[in-house]
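Presented below is the structure to which this report refers.
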Protein chains: 6
Amino acid sequence: MALSQGARGDSIKLIVMVKRTQESRFGESAPEALPNDIAEIFVSNHAKLGFIPNVFHAYGKRPEHFRAFMHYHDVLMRGPSDLTRAEREAIVVAVSSENRCQYCMTAHGAALRVLGKDVKLAEQIANNWRTADLPPRLRTILTFASRVNEPGFAATDDEIAHLHASGFSDEAIWDIAAIAAFFGFSNRMAGLMDMRPNEEFYTMGR
Amino acid sequence: MALSQGARGDSIKLIVMVKRTQESRFGESAPEALPNDIAEIFVSNHAKLGFIPNVFHAYGKRPEHFRAFMHYHDVLMRGPSDLTRAEREAIVVAVSSENRCQYCMTAHGAALRVLGKDVKLAEQIANNWRTADLPPRLRTILTFASRVNEPGFAATDDEIAHLHASGFSDEAIWDIAAIAAFFGFSNRMAGLMDMRPNEEFYTMGR
Amino acid sequence: MALSQGARGDSIKLIVMVKRTQESRFGESAPEALPNDIAEIFVSNHAKLGFIPNVFHAYGKRPEHFRAFMHYHDVLMRGPSDLTRAEREAIVVAVSSENRCQYCMTAHGAALRVLGKDVKLAEQIANNWRTADLPPRLRTILTFASRVNEPGFAATDDEIAHLHASGFSDEAIWDIAAIAAFFGFSNRMAGLMDMRPNEEFYTMGR
Amino acid sequence: MALSQGARGDSIKLIVMVKRTQESRFGESAPEALPNDIAEIFVSNHAKLGFIPNVFHAYGKRPEHFRAFMHYHDVLMRGPSDLTRAEREAIVVAVSSENRCQYCMTAHGAALRVLGKDVKLAEQIANNWRTADLPPRLRTILTFASRVNEPGFAATDDEIAHLHASGFSDEAIWDIAAIAAFFGFSNRMAGLMDMRPNEEFYTMGR
Amino acid sequence: MALSQGARGDSIKLIVMVKRTQESRFGESAPEALPNDIAEIFVSNHAKLGFIPNVFHAYGKRPEHFRAFMHYHDVLMRGPSDLTRAEREAIVVAVSSENRCQYCMTAHGAALRVLGKDVKLAEQIANNWRTADLPPRLRTILTFASRVNEPGFAATDDEIAHLHASGFSDEAIWDIAAIAAFFGFSNRMAGLMDMRPNEEFYTMGR
Amino acid sequence: MALSQGARGDSIKLIVMVKRTQESRFGESAPEALPNDIAEIFVSNHAKLGFIPNVFHAYGKRPEHFRAFMHYHDVLMRGPSDLTRAEREAIVVAVSSENRCQYCMTAHGAALRVLGKDVKLAEQIANNWRTADLPPRLRTILTFASRVNEPGFAATDDEIAHLHASGFSDEAIWDIAAIAAFFGFSNRMAGLMDMRPNEEFYTMGR
C-alpha cells in the first residue's frame, strides 16, 4: 500500500475517531503529529487487528521512544529464536501476571490465546503459571522467566547448567531472560502511564 | 574516520588482544565476526575510553540485540530530556544498587563519578541513595526511580501530582521511569550473563 | 422435585459420567457413596449450572467437611448482608487473585461475570483490583479485603473509623473481613488438593 | 440438663455479670438476645471451663455466624481424625504464632498446655515451633502446617509424597491443612475484632 | 564474700552438677576452666536466681567474649538511663519475639514478668506487642524499637522529631535503639548456638 | 607517648579543630569533656590514621557506651581468631552492604581495601558479595555471615555440619556469626545517628 502524506493523515484520523476517552495518563499523540513511519505502523496494525493497541497511542507521543521500544519488542518477539512465538507470549503473560500489569495481562493474554490456540491454558498461565497444566518444556521456560523477574536476579551456574541439560542453547536462555526482563521494563511503563487495555482484547481469541 | 573492512578487523583485533579471560557467561564475539556498524562503535568507544566496556563484547555476539539495546540506551541516556546526564546516571546507579548488579554498579558508578564531578556523592548513591547527601531535586528523582523499581509498580495519581508540583513535566517523569525500568531490564541481563566489570572502571573518575 | 434413594444414585451417576480425569489430588467420592443430603445438592447444582463444580466432588469425599464448608460458604455468600452478592464475589476474586488460587480465580471469576454483569471489570479485578476501574464503594471494600488477606492482619482503630466514615456498618465490615478470610482458607484448601477448574467456568458469563 | 427459656436467661446473665469491659471491637450480644441453642453452648462451656471464652461473646452477636464457625471448628478440632487433639492444638498454636494472633495464642496456648500435658513444649511452640524440642512426627506436622499458612500456598507433589512416606494418610494431610488454614481465617477474625483473651487463659494449665 | 580459688571451684562444681544435658550447640565451659572473675559472676547469679542462665554457660567457653558481652549488656540494661528497667526488658521481649528467639523470649519474658509486675502484659508483649494493651509511653518505645529491628534501619528526621515531641531525650532514643539492636545481635548468637532456656524461666514470675 | 591532662586537651582540640560540621545526628563530645582513656584512644587513632573516625566522635558523648562498644569491637576484630583480619573486614563489609549502612560501607570498605590488598575485590564485596570473584573459603564465610544477618536467624544442624566439613572450627563459626551479628547492631546505631563517613575514607587504600 502506497501511503501518501495526505492519505496517511486521513487514515489515522479515521482510526482514532472512535476513541472517546484518554487511555493513558499522559494522553496520546494527535493523529496529525505522528511521523510518517509511525503512522504507517498504526495503519498496518489497524488493518491487521481492527484497532490500534493503546500502547501505540501512548508511545506515539514520543516518536524516538516509540521506535526504540517497538524495534526492541520486535527483535525479541518476532526475531529468529529457538522459542516459538507462543512460548514467547507465554513468558510475557507469566511475567506480567507476577507484576500484575493490567494492560499487559489483557493485551498479551489475548495474544497468547490467539497464538497458543489453547484458551484454557492461556487463562491458567495468566492466573498462576505454577499451577497451570503446562507441558514440561514450557514449565522449564516459565520457571526460569520467573527467576529472571525476581528483584536482584543473577543466574547461578547451576541454573544455567540445568537449562543446558534440558535442551536449551545459550541463545534460547538469552531469549527467555531478555523477554522476561524486557517485559518487566514494559510492565513498569504501563504502570507509569496507567495504560488501559483496549476493549477488543477482552474477547479476542475466545 | 573512514573505516575500511581490513582496517576495522585490525583495529578490533588490536583492541581485544589484551583481554585474557572470558568476561561474561556466554562469551563474546570474535572480532572478525562483528558487523561493520558494530565494529565502528567498538573502535570509537576505544578511542574515547581507552577500552571496550564488557557489555559491548557480550551483546556483540548477537548483533540485532546489540543494536536494539544500544539504540534504546542512547535514546534514554543521551537523547533530549529535562534531566541532566548526571541525573540520569544517578538513576542508573541507584537502581543498579537496589538490584545489586555487579557490572552496572561498577560501570555506571564510574560514569557518575565522571559526569557528576562529585566522587563522594557518587559513592554514597552507590551505597544507599536514601542516606546520601542529595540535593532536593535529585532526592525527588531517586525516590521515584526507586518506586518504579519495585515489583508490581503502578504509579498512583498522588505520586504523579507530587512530581508535577515539584516541577517535573510529564516528559521528565517518563524519563525517570523509563531509565529506572530499562536498567532493571539491563541489570537482569548482566545478572544472566554474569558480566564482569572491566578493570578500568574501578579507578575511572577518581 | 422428590428425590428417591434409587433415583438419586442414577442422577448422580449420570452427572459424573462425563468426567474422565481426576480433578483434584485426593480424588472424589464415588456417586454411590454420597449421603442423601449431599447428593441432593449435587443434583440441584447440576440442574442450575449444567455441571457440578469440582469443589463439590473434592469435598464430597468427607461429608462432614462438605457440610461445614458449604454451610459457612452459604452464610457468607448468600446470607443477609449489607453487601450485594456481586460485591461479595468481587471480594472472593480479589483475594483469590492475591493468593493466586487457580481454581477460585476461575470459578469465582465466572460467578463475578454472571452476578456483576460487567465482563471487563470482572477481568480487571482478577488481574489486579488495584488498577481496575472500580467504583469508589467497591474500591473501599477491596482495599479492606486485601488488608485482611495480609499475613498477621489486625485491624487498627483508624481503619475501622475510616470504614465507618465511608458508610459501612459493623456488620458490613465483618462481612468484608469474613469473606476475605474465609476464602484465604478456601484458597489454601484448593492449593492443597491441586483442584482443577471445570471447563465450563472458562466460558461462563462471557 | 433441661434448660427452660427463663432459666437460660438467668444463667447467662449470671455468667456474663462479672465481665466489666467490652472484650472485642464490635461488642457482644446481650444475654437476653442469645438464641436458645447458643445460650446452651454458653452454659455448658461455663460449666466446663468456669468462664465463657470471649470468642463466644463476639460471635454471639450474629447467631448464624456463631453456628457456622463453631460447627466447622468442632468438625476440625473434635471430629474423627488421625491427628490427636493435642497435635491439632499444636497446629493452631504454631499458625496463630506465625500470624501473631493475640487472642488465639493465648486461648489455644492454654488448650495446648492442658491437652498436651507439657507446659514447656507448649511455650516453645508458641515462641517458635522451628526451634522447639519437637518429636519428629510433630515436626513433620508443623512444618506442613506452616507451609499451608504461607500466602499463595499450593502443595507440590513432592510435599505430598514426603508426607505419605512419613506415614500420613490423605485424610491426615487434609486435616493438617484444614486446621492450619481455618485458623488463618480465625486469626484474621480475631484481628478484625481486636479480640481480648480472657484473664483465665493466662494461668490455665500451668 | 571472699572467694578463694579452691572455694570457687567447689561452688561452681556444685552449681553445675545438676545440669545433665548440653544446653547449647557448642557446649559449655568445664567449671574448672572458668577464670576467677567469671566464676564469681556464676556464683553471685546462682545466689540471686537459684540457677545459672544457660547464656552464661555458653559464653563461659570464651572468657573474653563473656566479658565483652556481659559488660555491654549491663551498661545497656542496668546503667543510668531515662528508661526504667521494666521498659528495657519490654524492648528485649518485643524484639526477641519479632526475631523469634527461643532462648531470649523465655529468659527475658521471665525477667519482664518479674520487673514489670504484670504477667498478662508481659505475655501480650511476647505474643505481639502491637496488639498488647500498652500504656502510650511504652507503645512509643516499642514502636521505635521495632523500627530499629528492621533490616536496613536508618532513622528519619521525622521519626526522631516525633520521639522528641513525645518527651524522649537524645539519650533515651539512643537507649531504645541500642537495646533493640544489641538484642538483635544477641538473638542471633542464641540462634547460632541453639541455646536452650533453663527450665526455671518457664515458671519464674508467675 | 606520655599524655598529661593538659597536653591531652590540647591534642584533642587540635585534632577536632578541622571538623566544621556536625557529623552525626546527636552531635559529638566537646574535646574537653572526653575522659582521659578515651582521649588517649583519639590521640592514638589520629596518630595512626591522620584523622578520627566519626564513630569515635559519636560514641564519645557517652563514655560508658564508647568503652563497651570499642572493647567488644576489638575483641571481635583484633582478638585471637582462626579468621584473618581481612576476612573479618570482608564480613563487616558484606553485612553492612546488605544492611545498606552508609557509614560502615565506607569506613570498613576502606579498611578492607587496606587489609585485603585487593581494591577490586573489596569493591565487589561492597557491591554484592554473591557475585564477587571470591576464593572458596571466603565464599563459605560470607554465605554464613549473610545467613546470620537474616531476620529470625537460627542455625540448622546441617549448616553447622557443612561449616565443620569445610574446615571451620566451632570458634571460627562463632567468630563469623558474632562479627556478622555485632555489625548488624553497629549498622543500626549508625542508622540511628545518621553517621556521616569521614572524607578520608573515600580515598584510603586506593
Legend entry - Candidates F:ALA39, F:ALA68, filtered to the one that is part of a helix (DSSP H, G or I), touching a helix residue (DSSP H, G or I) at 6+ places or on another chain (Cβ under 6 Å) and within 14 Å of chain E (Cβ to nearest Cβ): F:ALA68
Inset, instruction - Looking only at the range C:183-192, decide whether some residue is under 30 Å from D:SER169 (Cβ atoms) and more than 15 Å from the chain's Cα centre (by Cα). - result: yes
Inset, instruction - Answer with yes or no whether F:ASP158 is within 14 Å of chain E (Cβ to nearest Cβ), within 21 Å of the chain's Cα centre (by Cα) and either within 28 Å of A:THR156 (Cα to Cα) or open to solvent by 10 Å² or more (accessible area, probe 1.4 Å) (or both). - result: no
Inset, instruction - With the checklist (1) surrounded by fewer than 24 Cβ atoms within 10 Å (Cβ to Cβ); (2) facing another protein chain (nearest Cβ under 9 Å) in hand, flag the one item D:PRO53 doesn't pass. - result: (2)
Legend entry - Conditions (1) closer than 27 Å to F:GLY50 by Cα; (2) surrounded by fewer than 20 Cβ atoms within 10 Å (Cβ to Cβ); number of the one not met by F:GLN102: (2)
Legend entry - Matching residues in the range C:109-120 - criterion: being more than 8 Å from chain A (Cβ to nearest Cβ) and open to solvent by 30 Å² or more (accessible area, probe 1.4 Å): C:VAL114, C:LEU115, C:GLY116, C:LYS117, C:ASP118
Legend entry - Residue that is most open to solvent (accessible area, probe 1.4 Å), among those in the range B:162-181 that are among the small types (Gly, Ala, Ser) and more than 11 Å from chain A (Cβ to nearest Cβ): B:ALA165
Inset, instruction - Residue by residue through the range B:192-204, note down the ones that are assigned to a helix (DSSP H, G or I) and either in contact with a Gly (Cβ under 8 Å, 6 or more places away or on another chain) or surrounded by fewer than 21 Cβ atoms within 10 Å (Cβ to Cβ) (or both). - result: B:GLU199, B:GLU200, B:PHE201, B:TYR202, B:THR203
Inset, instruction - Within the range D:21-37, identify whether any single residue is closer than 16 Å to D:ALA111 by Cβ and open to solvent by less than 30 Å² (accessible area, probe 1.4 Å), and answer yes or no. - result: no
Inset, instruction - Output the number of residues of the range F:78-91 satisfying the condition of being within 11 Å of another protein chain (Cβ to nearest Cβ) and touching an Asp or Glu at 6+ places or on another chain (Cβ under 7 Å). - result: 2
Inset, instruction - For D:ARG88, state whether it is of a type in the set (Lys, Arg), in contact (Cβ under 8 Å) with a residue 40 or more places away in the chain and in contact with a helix residue (DSSP H, G or I) (Cβ under 9 Å, 6 or more places away or on another chain). - result: yes
Legend entry - Qualifying residue in the range D:38-50 (condition: under 22 Å from E:THR131 (Cβ atoms) and either modelled with pLDDT of 95 or more or open to solvent by 20 Å² or more (accessible area, probe 1.4 Å) (or both)): no
Legend entry - Whichever residue in the range A:64-85 is among the acidic types (Asp, Glu) and under 23 Å from A:ASP170 (Cβ atoms) and, among such residues, is most open to solvent (accessible area, probe 1.4 Å): A:ASP82
Legend entry - Candidate set from the range A:92-108 (those that are under 23 Å from A:GLU23 (Cβ atoms), in contact (Cβ under 8 Å) with a residue 40 or more places away in the chain and of a type in the set (Gly, Ala, Ser)); member that is farthest from the other protein chains (Cβ to nearest Cβ): A:ALA107
Inset, instruction - Sort through A:ARG137, A:ARG147 and tell me the only one that's modelled with pLDDT of 95 or more and within 12 Å of chain B (Cβ to nearest Cβ). - result: A:ARG147
Inset, instruction - Would you be able to say whether some residue in the range D:119-128 is closer than 19 Å to C:PHE153 by Cα, in contact with a helix residue (DSSP H, G or I) (Cβ under 6 Å, 6 or more places away or on another chain) and among the small types (Gly, Ala, Ser)? - result: yes
Legend entry - Single condition F:SER186 does not satisfy, out of (1) at pLDDT below 95; (2) surrounded by 24 or more Cβ atoms within 10 Å (Cβ to Cβ): (1)
Inset, instruction - Check whether at least one residue in the range F:138-150 is surrounded by fewer than 24 Cβ atoms within 10 Å (Cβ to Cβ) and outside any helix (DSSP H, G or I), and report yes or no. - result: yes
Legend entry - Conditions (1) at the interface with chain C (Cβ under 9 Å from one of its Cβ atoms); (2) crowded, with 24+ Cβ neighbours inside 10 Å; number of the one not met by A:GLN124: (2)
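The values are calculated or read from the model by the stated rules, or taken from the named source; none is laboratory data. Not measured: the values here are computed from a predicted model. Note: ideal-geometry Cβ built from the backbone for every residue, glycine included; neighbour counts use all protein chains shown. Please note that ligands, DNA and RNA were not included when accessible areas were found on the heavy atoms of the full protein model with its side chains. Shrake-Rupley method; radii C 1.70, N 1.55, O 1.52, S 1.80 Å.
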